[in-house]
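Remarks on the structure that follows.
The values are calculated or read from the model by the stated rules, or taken from the named source; none is laboratory data. Note that the structure is predicted; figures quoted are calculated from it, not measured. For neighbour counting, all protein chains shown are included, and Cβ atoms are generated from backbone atoms with ideal geometry for every residue, glycine included.
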Amino acid sequence: METKNKILTGKNLSKEFNGNVVLEDVSIECIEGTAIAIVGENGAGKSTLMNIISGGLSPSKGKIEMDGKEVVFRNSVAARKKGIAFAHQELSLMAEMTVGENIMLGREPMKGPFIEQKKLHEQAKEILDEIGYQIDVNRLVSNLSPSECQITEIAKAWASKPRILILDEPTSSLNKEESEVLFRFIRKILEKNVCVILISHRMDDIYQTCTQVFVLKDGKFVFESPLKDTTENMLISKMVGRDFKNVYPERRQKKSEKIKVSIRNGEVNSRIQKINIDIPEGTVVGIGGLEGQGQRELSKALFGLSPFTKGDYMIDGKKVKIHSPSEAIKYKIAYVPEDRKTEGLCLSLSVRENILAMILGKNAKFGFINKKMEKQETEEGIRQFGIKVNHTGMKVSHLSGGNQQKVVFSKWIKTKPEILYLNEPTRGVDVQSKLEIYELIRDLTKTGVSVVIFTSDMLELIGLSDEIYIMYEGKISGHISGKEATEERIMQFSAKEGGN
Ligand SMILES: Nc1ncnc2c1ncn2[C@@H]1O[C@H](COP(=O)(O)OP(=O)(O)OP(=O)(O)O)[C@@H](O)[C@H]1O
């Protein structure tokens, strides 16, 4: 049997930020041809550990050895030169550059002082082909969908042909087929003795690709095992530190008689057309379909970000005009956007300022800010969503990805909405927190809030929704009750107008 070499060993790694220990005495071996899963709750330290291994952060304690010799990476470029590449969860792409330029960043083919643009784009295409994806490499990243951005990020990491490929939540924006392509690619490169490290909150990703699993909890490894000896529930229990049952909260028993929101013949230019939907009071309406079928346009139109250009928008039976988010807010509408970094958060501000962003003015009495109420509201938001923070004044950009998403959610819940539009609200959120968010959504519907959830997660769509609309090529192709929904039924509507 071929012996497999250790490529990298992380020994007793610890990391502190301003005295706060987020990683403690963690050791890991990266062996050729193995795929390691790192799982854990939001804020457990997964990205921090990967940043240390890939040169983005230096450890406070401990050391890294490569091929048996100690190495100190000054930065991620140095680590990449040594064969370690990291495809980040918070994508690292340049929006105003092409897909090709992003993929080839730092390894551009040169002729004298000039970049050979044609060759660069040919090489980028070869890398995408090798992984198994097709994207026009001449397109600007700013025009890409989230899944295309994610694919570009993966290709950018693979461009340096690393010995260790780290993928942080690589499928969070990918659909099932795109995820399958990635899994096939991972299996292919394992055969070529690459070591893959995969961080994912999706258990399917891990069981499809990995051989070894590590569970990180509060900065420490609490469990390590060959993956074949584990079950999903076992891993989740290790992550959360207690028994775990993966159940969705119970659905509404009776259909609500009152329609809160109706859209009749809604259109946004020609991108979405003939949108007819009814959103009953106190109900979860799920909107599904394959990626890019107009869901994004519809969610933005509902919140007035890019309003309907035709059709009627009715709330409580009355026609309304919602041409901007501020008009939407007047009608007690809240919106959790898909892209938390650009639309959901003010990254330069603190956790407290972000949580209070929508209600700050309201709390001021005669121009004075009520500090006590602010404190209470912030603490309640943190508690309600289990947001992992050191202190409320901490910059929101220093939170882990999943915790940032929870801040966005908390900020909007604070407005006490009657209508809540959620766009991929649990992307990057750990399994336990997901269930807590589902419970919270259910509790909100019990107080009469109407919720619309746009999600590419089929299980979430089926598990959570009372009613489901499916979109296909900018139109509604199907409407079924959550109880009747099956994956097959939804796929039928997702692939064809009318679903027949
Ligand atoms: N620059 C920083 N300053 C202060 N604290 C930080 C900084 N970067 C990360 N942290 C903290 O380190 C902890 C671990 O964060 P990390 O991003 O590694 O978590 P994670 O396990 O990757 O979470 P997620 O699943 O949400 O991505 C978090 O509590 C986070 O707030």
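Would you confirm whether or not region 392-405 contains a residue that is touching a Lys or Arg at 6+ places or on another chain (Cβ under 9 Å) and of a type in the set (D, E, K, R)?
no
Having 1 or more residues that are within 16 Å of Trp158 (Cβ to Cβ) and basic (Lys, Arg) is the bar; report the helices (runs of 4 or more DSSP H) wholly within region 54-148 that clear it.
Correct list: 76-81, 117-131.
For the structure I just gave you, tell me whether Ala37 is in contact (Cβ under 8 Å) with a residue 60 or more places away in the chain and of a type in the set (A, V, I, L, M). Write out each step before concluding.
Values: in contact (Cβ under 8 Å) with a residue 60 or more places away in the chain: yes; of a type in the set (A, V, I, L, M): yes.
Yes, satisfied.
For region 435-445, which positions are touching a helix residue (DSSP H, G or I) at 6+ places or on another chain (Cβ under 8 Å) and modelled with pLDDT under 90?
Matches in region 435-445: Glu436, Ile437, Leu440.
Would you confirm whether any residue within region 140-157 is in contact with a Lys or Arg (Cβ under 7 Å, 6 or more places away or on another chain), under 24 Å from Ile36 (Cα atoms) and surrounded by 14 or more Cβ atoms within 10 Å (Cβ to Cβ)? Outline the logic, then answer.
Here is the first cut: in region 140-157, the ones in contact with a Lys or Arg (Cβ under 7 Å, 6 or more places away or on another chain) are none.
No: zero hits.
Select from region 160-202 the residues that are over 17 Å from Ile53 (Cβ atoms) and either in contact with a Leu (Cβ under 8 Å, 6 or more places away or on another chain) or part of a strand (DSSP E or B) (or both) and list them in ascending order.
Kept after step one, since they are over 17 Å from Ile53 (Cβ atoms), are these residues of region 160-202: 161, 171-193, 201-202.
Thr171, Leu174, Asn175, Leu182, Ile186, Ile189, listed by residue number.
Do any residues in region 330-349 that are surrounded by fewer than 20 Cβ atoms within 10 Å (Cβ to Cβ) have Cβ atoms under 8 Å from those of residues that are modelled with pLDDT under 80, where the two are at least six apart or on different chains, and which pairs are they?
Lys341/Glu90; Leu347/Lys341
Within region 363-377, identify whether any single residue is assigned by TED's automatic domain parsing to the domain that holds Ser348, closer than 30 Å to Glu232 by Cα and surrounded by fewer than 22 Cβ atoms within 10 Å (Cβ to Cβ), and answer yes or no.
Within region 363-377 (the criterion being assigned by TED's automatic domain parsing to the domain that holds Ser348, closer than 30 Å to Glu232 by Cα and surrounded by fewer than 22 Cβ atoms within 10 Å (Cβ to Cβ)), the answer is no, since none of the residues qualifies.
Working only within region 304-327, note down all residues that are surrounded by fewer than 23 Cβ atoms within 10 Å (Cβ to Cβ) and among the hydrophobic types (A, V, I, L, M, F, W, C).
Hits for region 304-327 are Leu305, Met314, Ile315, Val320, Ile322.
Under the condition of being crowded, with 17+ Cβ neighbours inside 10 Å and free of Cβ contacts under 8 Å to residues at least 60 places away in the same chain, which residue from region 184-202 is nearest to the ligand (Cβ to nearest atom)?
Filtering first and then ranking leaves Arg202.
Mind checking which residues of region 41-78 are on the phi > 0 side of the Ramachandran plot, crowded, with 19+ Cβ neighbours inside 10 Å and touching an Asp or Glu at 6+ places or on another chain (Cβ under 8 Å)?
Selection gives Gly45 alone.
Ala79 fails exactly one of the following numbered conditions: (1) in contact with a Pro (Cβ under 7 Å, 6 or more places away or on another chain); (2) farther than 28 Å from Ile236 by Cβ. What is the number of that condition?
(1)
Quick one: what pairs do we get from region 2-19, first residue surrounded by fewer than 16 Cβ atoms within 10 Å (Cβ to Cβ), second not in a strand (DSSP E or B), C-beta under 6 Å, 6+ apart or different chains?
Short answer, once both residue conditions are applied: Lys4/Glu32; Lys4/Gly33; Asn5/Glu32; Glu16/Ser60.
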